[in-house]
Amino acid sequence: MTTISAKIDNIDKNLFENILNSIGLNVSSAITAFVKATIRENGMPFALKASEDPYVYSEENMKYLRQAVTQIESGKGHEHELREDI
């Protein structure tokens, strides 16, 4: 056995531990599972990609935007001036 040490944000560590605790794992078990999955996949066990703007591409937000466009086109929407100071 060997020890791996990593520095992460304290808030992230606490959130991570809380999630793991809720599913019955500890940090060591989760890291071991990640290592095993990486070996099995011969690479990262999840997709790595540049972040996308979640507002533009989220299906939930696109649905909201389509509904808003429909309301505006039917005369039921309200247009507001764009504020750039927010």
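Annotations for the structure displayed:
- For the chain: accessible area per residue (Å², 1.4 Å): 98
- In the chain, taking the dipole from charged Cβ atoms about the Cα centre, the farthest positive-side position among Ser58, Ile8, Ser29 is held by Ser29.
- Two tests apply to each whole DSSP H helix in the chain, Cα reach of 15 Å or more along its axis and mean Kyte-Doolittle hydropathy of at least 0.5, and the ones passing both are 27-41.
- Arg83 contributes about 140 Å² of solvent-accessible surface, heavy atoms of the protein only, 1.4 Å probe.
- Ser58 paired with Lys7, simple spin-label distance in nm, labels 7 Å along Cα-to-beta-carbon: 3.3
- Percent carbon-and-sulfur accessible area, the chain, ignoring ligands, DNA and RNA, probe 1.4 Å: 56
- FRET efficiency for Ile23 and Phe46, using Cβ-Cβ distance with R0 set to 22 Å, rounded to 0.05: 0.85
- For Leu20, Leu82, Leu65, the ranking by accessible surface with the largest value first comes to Leu82, Leu65, Leu20, using a 1.4 Å probe.
The values are calculated or read from the model by the stated rules, or taken from the named source; none is laboratory data. Everything quoted here is computed from the prediction, not taken from an experiment. Here the Cβ is made from the backbone with ideal geometry for all residues, glycine too, and neighbour counts use every protein chain on show. Ligands, DNA and RNA are stripped out before the accessible areas are found, and what is left, the full protein with its side chains, is counted by its heavy atoms. Shrake-Rupley method; radii C 1.70, N 1.55, O 1.52, S 1.80 Å.
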